[in-house]
Amino acid sequence: MKINKIDHICIAVKNLKQAQKIWEPMLGKDAPDMTYVDELEKINVARYMVGEVGFELMESTTPDGDVAKFIENRGEGIMLISLNVDNTRDAMQEMQKKDYPFIGGARQFQDCEFAFIHPKKMNGVLMELIDYKWK
């Protein structure tokens with residue numbers, strides 16, 4: 001599997017606005033480069049570009065969302081590292097042949113797909129493969 005780059009790193013936070021006040025001075029930013037709400041994933045996101053890598057602060061939009069569950073179990077902090085690949089489904093097939101377990105299948109996001117490798121295989125780190133085509 002060819003990795004193009006680290007696509008983004010996600011930090012799970014309880015309160016997005018408070019987290020932005022903490023992180024923006026550190027990142028040298030006055031505001032996020034992009035914000036969005038992903039209803040399916042139940043997240044509210046502030047994305048900052050640090051070079052070519054996205055740095056995301058994510059808060060759950062519901063108490064039963066994955067980010068809320070992560071914070072309940074582990075506290076705030078790094079939730080996932082995302083790797084950019086040419087094709088998510090092809091990368092999944094290749095990694096599944098090498099015994100890498102995925103959480104569900106490929107999921108849709110904007111004009112791309114992403115998938116999660118189970119953290120039990122990755123030393124406790126949730127890994128994401130995403131085929132987003134940056135312009």
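The values are calculated or read from the model by the stated rules, or taken from the named source; none is laboratory data. This one's a predicted model, so the numbers in the text were calculated from it and none came from an experiment. As a convention, Cβ positions derive from the backbone with ideal geometry for all residues, glycine included, and neighbour counts pool all protein chains shown.
For the range 79-105: of the residues being loosely packed, with under 13 Cβ neighbours inside 10 Å and of a type in the set (G, A, S), which is nearest to K2 (Cα to Cα)?
Filtering the range 79-105 for residues that are loosely packed, with under 13 Cβ neighbours inside 10 Å and of a type in the set (G, A, S), the one nearest to K2 (Cα to Cα) comes out as G105.
Among the residues of the range 24-40, are any surrounded by 13 or more Cβ atoms within 10 Å (Cβ to Cβ), touching an Asp or Glu at 6+ places or on another chain (Cβ under 9 Å) and hydrophobic (A, V, I, L, M, F, W, C)?
no
Count, please, the residues in the range 109-135 that happen to be touching a residue at least 40 places away in the same chain (Cβ under 8 Å) and either more than 16 Å from V53 (Cα to Cα) or in a loop (DSSP other than H, G, I, E, B) (or both).
Number of matching residues: 6.
Test of understanding: among I22, I3, which residue is under 30 Å from K97 (Cα atoms), modelled with pLDDT of 95 or more and β-branched (V, I, T)?
None of the other options fit; the residue is I3.
Which ones in the range 45-73 are within 20 Å of Q108 (Cβ to Cβ), under 12 Å from the mean Cα position of the chain (by Cα) and surrounded by 18 or more Cβ atoms within 10 Å (Cβ to Cβ)?
Those that are within 20 Å of Q108 (Cβ to Cβ), under 12 Å from the mean Cα position of the chain (by Cα) and surrounded by 18 or more Cβ atoms within 10 Å (Cβ to Cβ): V45, G54, E56, M58, D66, V67.
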